[in-house]
1. Rounded to the nearest 500, what is the 222 nm mean residue ellipticity of the chain from helices alone, with -39500 (n - 2.57) per DSSP H run of 4+ residues and division by all residues?
2. With the contact rule set at Cα under 8 Å and sequence spacing of 6 or more, what percent relative contact order holds for segment 27-80?
3. Provide the convex hull volume over Cα atoms per residue for segment 5-119, in Å³.
4. How far is helix 106-123 tilted off the main Cα axis of the chain, in degrees rounded to 10, range 0 to 90?
Amino acid sequence: MSLLTITCRDAATGPVLEISGGLDHASAPQLRRALDQLTLATGQLLVLDLARLEFCDSSGITAMLAARNLAIEQGATIALANIPQNTARILRILGLDQVFTPHPDTSSAASLRQHTRGLHSHIA
């Protein structure tokens, strides 16, 4: 298993954290530190891109829930993109597929967010 690497990039809808390697008990604090450095604006979308995630244990899932809590606290939303099949299975078993919005890739997460914003602006 590779060491955890987290790369943050900005997208039009908000930050994207690209998570690579293993997200486990030893490395989950690294994700939490990366989250502590984020400031989300109200209405932004935080995307966790898991395309290169090799392994995720319960500590990793807990760190993802911390990311969700941060987004909610700051008035933003969160989406998971490129979820590996083994991680998606764990999320389904735990019922967290109902908590996180899964997307096949980061661009679909961003386009859904932009579409939702458009709907809200028409409603308001």
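Any read-out appearing in this document is the output of simple, stated calculations on the displayed coordinates, not a laboratory observation. Note that the coordinates shown come from a computational prediction; the quantities given were computed from them, not determined experimentally.
1. It lands at -13500 deg cm²/dmol.
2. Reported relative contact order: 55 percent.
3. 89
4. Around 30 degrees separate the two axes.
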